[in-house]
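What follows draws every value from the coordinates through simple rules; no lab data is involved. Bear in mind that the values here come from a model prediction, so they are computed numbers and not experimental data. Quick reminder, even Gly has a Cβ in these numbers, built from the backbone with ideal geometry, and neighbours come from all protein chains shown.
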Amino acid sequence: MIDRDRISELNHSHEQALAEDVDYLAHRLEREAATSAAEVIDALVEFSVAAPSWAVGTGGTRFGRFPIGGEPRTTEEKVDDVACLNSLTASNRAISLHVPWDDPDDPAALKEYANSRGISFDAMNSNTFQDNPSTTDDGNLTYKFGSLANSEKAVREAAIEHNKAVIDLGVALGSRALTVWLADGINHPGQADHRTQFEHVTTGLQEIHDHLPDDWQMYTEHKPYEPAFYATVNFDWGSSLLLAEAAGPKASCLVDLGHHLPNANIEQIVSRLAMVGRLGGFHFNDSKYGDDDLTTGSIKPFQLFLIFCELIRAGNGSLPSLAYMIDQSHNIKDPLEDLIQSTEAVGIAYAQALLVDRSGLTEAQEGNDATRAQELLQSAFRTDVRPLLAEARRRAGGAISPVDAYRLVGYRAAVIEERGMASVATGL
């Protein structure tokens, strides 16, 4: 745990400069923007984006993995890392678990442990892209050829039961949502029938949906390829919408920013799903070519800004209550430093979107004034809102300069000493 007094001590040397920056920006926004600095800061103080349990460990590629040391060995230690992250950012107040990578023997004890560290449980994630013998009777069933889309009924039933078990675990932990991402698909033309696979998945999702408690949501997550490369069952937002609508009223679509083909207009997808009331949440990351799982906002910051513009449009001027989570894999960075940077990028995009003169933008759009519309968007996007984020963190008890603070407190060195160099945080 990082002591708040230590954070306050580290903040002290930055406070005067921050106050001057915030004051300057507040006066500027008063003249130029539709939203005041105070309103933006208040919104940022309230905002939280969940951290996934698997992102606190080192990621990898098909070619290699380079552990940083001190990776969490247990779900409790993953909670500790997210608590460390939240103590610095004040914006990561929940953790999202992945089962069976996270499968506690005593859920009540884990919930109490997390609560003691100020962390709650975000959406649960089911894993049916790796074999899990605990879901089968004889150990001979396999997800090699898919789970909910598998041609064998026994395998489909095992996948359904696994998802139900994940829901039950989530109930015990206080979660209220299940995210279903499927690796199901076809690698070779003719290997399976497209329609039959889709119908199997639809039937399975309906049964899983019926197991949801009244106050729960289920998110269908699409991805165009990988590990299936010829055809993935839930390969785009249209398929995801069809599956969500077929599953039931508590199902909606989750948008992972890396789960699209290059140059896809993700902000338009967000608009469409919000328009029909089936936008459920986000997995934030960034990409150059595909599902690169790079630091959020590091490649396409303008796209991230436009996505938040669509969200605020959908929420009639405020951010809608959806599931917001960072989902990225870290191969060469310290995972916690990367999560800090991604949290900052999400906050920047949110703050910039709040500054857009929406009435002016609507007027420009209705008058077909593309130049004026671009000027309004660029004015908000080019505004350096980082002082507002830093002030929001300070007010919420976080660090003004979180990466610097993380390094100064020596958290990574401490967990390496405690956990060693050889621990692995995920099932990959």
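Worth pointing out:
- Rule-of-thumb Rg ratio for the range 284-388 [Cα; 2.2 N^0.38 Å; N residues]: 1.17
- Taking amide H positions as modeled 1.01 Å from N, with prolines and chain starts lacking one, the residues under 5 Å from residue 185 and 5 or more places away or on another chain are 233.
- Paramagnetic reach from residue 151 (point 7 Å along Cα→Cβ, amide N under 11 Å) across the range 185-201: 190-193
- Distance between the modelled labels on residue 120 and residue 9, one decimal in nanometres: 3.2 nm (7 Å Cα→Cβ projection).
- Sorted by Cβ density within 10 Å, fewest first, the residues 253, 84: 84, 253
- Placing +1 on the Cβ of every Lys and Arg and -1 on the Cβ of every Asp and Glu, with no other charges, gives the chain a dipole of roughly 520 debye about its Cα centre.
- Here the Karplus curve 6.51 cos²θ - 1.76 cosθ + 1.60, taken at θ = phi - 60°, turns the phi angles of the range 76-85 into couplings of 4, 6, 5, 4, 4, 5, 5, 5, 4, 4 Hz, with x standing for Gly and Pro.
- Considering only the chain, percent of DSSP beta bridges that pair antiparallel, nearest 5: 15
- Converting phi to 3J(HN,Hα) with the Karplus coefficients 6.51, -1.76 and 1.60 and the offset θ = phi - 60°, the range 177-193 yields 7, 10, 9, 10, 10, 10, 8, 4, x, 9, 9, 9, x, x, 4, 8, 8 Hz in sequence order, with x at every glycine or proline.
- Karplus-derived HN-Hα couplings along the range 398-413 (A = 6.51, B = -1.76, C = 1.60, θ = phi - 60°), whole Hz, x at Gly and Pro: x, 8, 5, 10, x, 5, 4, 5, 4, 6, 5, 7, x, 5, 4, 4
- Kirkwood-type hydrodynamic radius, the range 282-329: 11.4 Å, calculated from all non-identical alpha-carbon pairs.
- Each pair of Cα atoms in the range 329-428 enters the Kirkwood radius, and Stokes-Einstein at 37 °C and 0.692 mPa s then converts it into a translational diffusion coefficient of 196 µm²/s.
- Flagged links, alpha-carbon separation over 22 Å, of 223/300; 144/288; 144/333; 78/111; 153/223: 144/288; 144/333; 153/223
- Residues whose placed amide H lies under 5 Å from that of residue 120, excluding near-sequence neighbours: 94, 95
- Note on residue 321 and residue 384: the model spin-label points, each 7 Å out from Cα along the C-beta direction, lie 3.7 nm apart.
- Ranking of 376, 261, 18, 88 by count of other Cβ atoms within 10 Å, fewest first: 261, 18, 376, 88
- Measure of compaction for the range 41-121 (Cα Rg per 2.2 N^0.38 Å): 1.18
- Distance-filtered residues of the range 154-196 - backbone nitrogen under 19 Å, label point 7 angstrom along residue 140 Cα→Cβ: 154-159
- The range 1-104: chymotrypsin sites (Phe, Trp or Tyr not before Pro) in DSSP loop, at most 13 other beta carbons within 10 Å: 63
- Kirkwood hydrodynamic radius (C-alpha pairs) into Stokes-Einstein, the range 81-191, 20 °C and 1.002 mPa s, D in µm²/s: 139
- Centre separation in Å (Cα based) which lies between the range 195-228 and the range 23-77: 29
- Take the convex hull of the alpha carbons in the range 157-267; its mean projected area over all directions comes to 7.4 nm².
- Long-range tail of P(r) for the chain (Cα pairs > 40 Å, %): 18
- Column: log10 I(q)/I(0), Debye, Cα scatterers of the range 1-94, q = 0.16 Å⁻¹: -0.87
- Stretching the chain fully between residue 359 and residue 106 yields a gain of 85.9 nm (0.36 nm per residue, less the alpha carbon separation).
- Kirkwood hydrodynamic radius over Cα pairs of the range 50-92, then Stokes diffusion coefficient at 10 °C and 1.306 mPa s, in µm²/s: 141
- Ranking of 381, 235 by count of other Cβ atoms within 10 Å, fewest first: 235, 381
- Taking amide hydrogens as placed 1.01 Å from N in the peptide plane, the amide H of residue 284 sits under 5 Å from those of 325, 326, 327, each at least 5 positions away in sequence or on another chain.
- Debye intensity ratio I(q)/I(0), log10, the range 169-222, q values 0.15, 0.27, 0.31 Å⁻¹ (C-alpha model): -0.53, -1.12, -1.28
- Here r is the Cβ-Cβ distance between residue 130 and residue 206 and R0 is 30 Å; the resulting FRET efficiency, rounded to 0.05, is 0.80.
- For a label point 7 Å along the Cα-to-beta-carbon line of residue 265, residues of the range 297-326 with backbone N under 15 Å: 303, 306-307, 310
- Ordering of 196-209, 385-398 by packing is 385-398, 196-209, highest average first (other Cβ atoms within 10 Å, averaged per residue).
- Rounded to 0.05, the FRET efficiency of the residue 374 and residue 62 pair, given R0 = 56 Å and the Cβ-Cβ distance, is 0.85.
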